[in-house]
1. In this structure, does F152 turn out to be surrounded by fewer than 19 Cβ atoms within 10 Å (Cβ to Cβ) and under 14 Å from E83 (Cβ atoms)?
2. Can you spot a residue in region 58-81 that is modelled with pLDDT of 70 or more and of a type in the set (D, E)?
3. Examine region 101-117 for a residue that is assigned to a loop (DSSP other than H, G, I, E, B), out of contact with any helix residue (DSSP H, G or I) (no Cβ under 9 Å at 6 or more places or on another chain) and modelled with pLDDT of 90 or more, and state whether such a residue exists.
4. Could you tell me which of the residues G100, G127 is under 22 Å from A47 (Cα atoms) and touching a Gly at 6+ places or on another chain (Cβ under 7 Å)?
Amino acid sequence: VEDQGRVNYGSRLGEAKGLIGSARLGATELTGWAATPVDVDALASAAASSFLAGPEASDVAASVSAGETGAASLAGPIVLVGEFDAVGGVDLFLDTAVWGKGFAFVNGFPLGRYWQVGPQRTLYVPGPVVRDGRNVVVVIEWEQVVAAEARFVAEPGLGPLEE
């Protein structure tokens, strides 16, 4: 069960936030369950620190063996960590189209949540977050990653706009 907030525009503006009614799996009411918070900031920080310390330091960060195609499909929950070189201070857009559902960070800065159902397909990476040279990207994936790669694009992919 995940609380995803509420719609804050259009005809559904003002609807109640949170779970309304009981949690169900099909027609069966789920009982006896407990909410477990996940500190995604701490998880991302630990994964990045482990990655920067080297592979022998810890197994917190996932190691991916890509196939001949250069892509690997990974089921979550999983933490993926990688690095990229960039010119500092330049705005970027992180393409999330081939990822499932989760959170993304660059250099410890939380970019936001992504979900394959959209509508947005990119996360904005503010220029001040991007360092000159080596940068670290951390992805906390809850579902599945089709390709274990981070790709940056020139324009935002915001999905269809409501008129």
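The values are calculated or read from the model by the stated rules, or taken from the named source; none is laboratory data. Model, not experiment: these values are computed from the prediction. Ideal geometry is used to build each Cβ from the backbone, glycine not excepted, and the neighbour counts take in all protein chains shown.
1. Yes: the conditions hold for F152.
2. No, every residue in region 58-81 fails to be modelled with pLDDT of 70 or more and of a type in the set (D, E).
3. no
4. After ruling out the rest, the residue left standing is G100.
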